[in-house]
Amino acid sequence: MVRHPFGWTGVPVPVIGLGTWNLERADRAEALAALRQGLDAGLTHIDTAEMYGRGRVEEIVGEAIAGRRDEVFLVSKVLPQNASFAGVLRACDASLRRLETDRLDLYLLHWPGQHPLEQTIAAFEQLVRDGKTRFYGVSNFDVADLERAVALAGAERIACNQVLYHLEERAIEHAVLPWCDRHGIAVVAYSPFGSGDFPSARSPRGRVLAEIAEARGATPRQVALAFLVRRAGVFAIPKAARPAHVRDNAGGGALTLSAEEEARLDRAFPRGRPRRGLPTL
Ligand code: NAP
């Protein structure tokens, strides 16, 4: 599995990781097997959140990584309504308990909310000092939100921005991605398969994907992932509750598309015009 430096942190992180939203709905044994196969295949960036299954997904992740904590780049998120100074500290302790670990690698604000951002950032800094997370970052932040966050935190404190990014939703390429790139902030693509709404091979766009995949001995999803992580500094976290899907996705990390293949995908899935606001799920 290819690893790239995670923005300014320099930590080598696999370009393809493991999402976990809705994992509590899957058969538990299968979900655990999927996560463990992911680790075996090098998909060691695990993304979870206190919101997922109201904590139940963090418990599943905790069980999956038991005895393997040091292999994992473990990410969780605090809900905006819990993001006061005291609320962040409490939420982090609860996440650590459910994950059965003493530290996260990265702790994110799930989306911008009502609590003053300076309180949230002060709490994140406290957690770093306490050794409860190595790094912190944000999610669903537009350029204006990012500017405010960096003004409050200082340079090289915000490690990542996790945002919606898939072939049919490329809005971040206009402003968010270049801004993050300039500031050494890693971009993590969530819902890289459109949250299950993946282009069908019967559609004209899906046929382009399928043709490129066939020519490369790959699958359409591997091609889609390779396109999303084509720039250094971008990482993807597909969610898969089935071991076979995890194995498939791992292959996306080994595929490098040619300039011609990228241009074909760019034409089939145009990024569209810049629009106001950041798309979210
Ligand atoms: P996604 O990864 O775009 O798509 C997941 C769907 O694709 C599932 O139905 C999964 O099926 C299927 N799938 C995965 N690999 C497949 C394969 N190789 N072949 C066929 N089907 C495959 O959706 P997502 O869960 O919305 O996004 C990924 C992760 O991003 C989330 O789990 C979460 O960790 C994160 N996220 C963050 C935010 C945020 O606000 N920060 C928002 C949304 C998501 P199975 O499960 O049956 O394998």
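Laboratory data are not the source of any read-out in this text; all were calculated from the coordinates shown. None of the values given here were measured: they were computed from a predicted structure. In this analysis, Cβ positions are derived from the backbone assuming ideal geometry, glycine residues included, and neighbour counts consider all displayed protein chains.
Quick look at the values:
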| quantity | calculated |
| --- | --- |
| Quotient of Cα Rg and 2.2 N^0.38 Å for the chain, N being how many residues it contains | 0.96 |
| Sorted peptide list for 31-40, 186-195, criterion being average Cβ within 10 angstrom, highest first | 186-195, 31-40 |
| Rg followed by Dmax, in Å, when segment 89-166 is reduced to its Cα trace | 12.4, 36 |
| C-alpha center-to-center spacing [segment 202-281, segment 22-46] in angstrom | 21 |
| DSSP-defined antiparallel bridges as percent of all bridges, the chain, nearest 5 | 15 |
| Val13 long-range amide H proximity, modeled H, under 5 Å | His4, Phe6 |
| Segment 115-224: mean projected area of Cα convex hull, nm² | 8.9 |
| Kirkwood Rh, angstrom, segment 151-281 [1 / mean 1/r, Cα pairs] | 15.4 |
| Kirkwood estimate for segment 26-87, i.e. one over the average of 1/r between Cα atoms, Å | 12.5 |
| Gain upon complete extension [Glu214, Ala144; 0.36 nm per residue less C-alpha separation] | 21.1 nm |
| Estimated vicinal HN-Hα couplings, Hz - segment 55-62 in sequence order (Karplus 6.51, -1.76, 1.60; Gly, Pro = x) | x, 5, 5, 4, 5, 5, 4, x |
| Longest to shortest principal axis, alpha-carbon extents of segment 216-255, angstrom | 28, 22, 13 |
| Rounded to whole Hz, the Karplus (6.51, -1.76, 1.60) HN-Hα couplings of segment 235-246, x for glycine and proline | 10, 10, 10, x, 9, 9, 8, 10, x, 5, 5, 4 |
| Farthest toward positive dipole pole in the chain [+1 Lys/Arg, -1 Asp/Glu at C-beta], among Leu79, Thr280, Ala33 | Thr280 |
| Asp130, Asp266 arranged by Cβ crowding within 10 Å, fewest neighbours leading | Asp130, Asp266 |
| Derived scalar couplings ³J(HN,Hα) [segment 70-85; Karplus, 6.51 cos²θ - 1.76 cosθ + 1.60; whole Hz; x for Gly, Pro] | 5, 7, 9, 9, 9, 10, 9, 9, 9, 5, x, 5, 9, 8, 6, 4 |
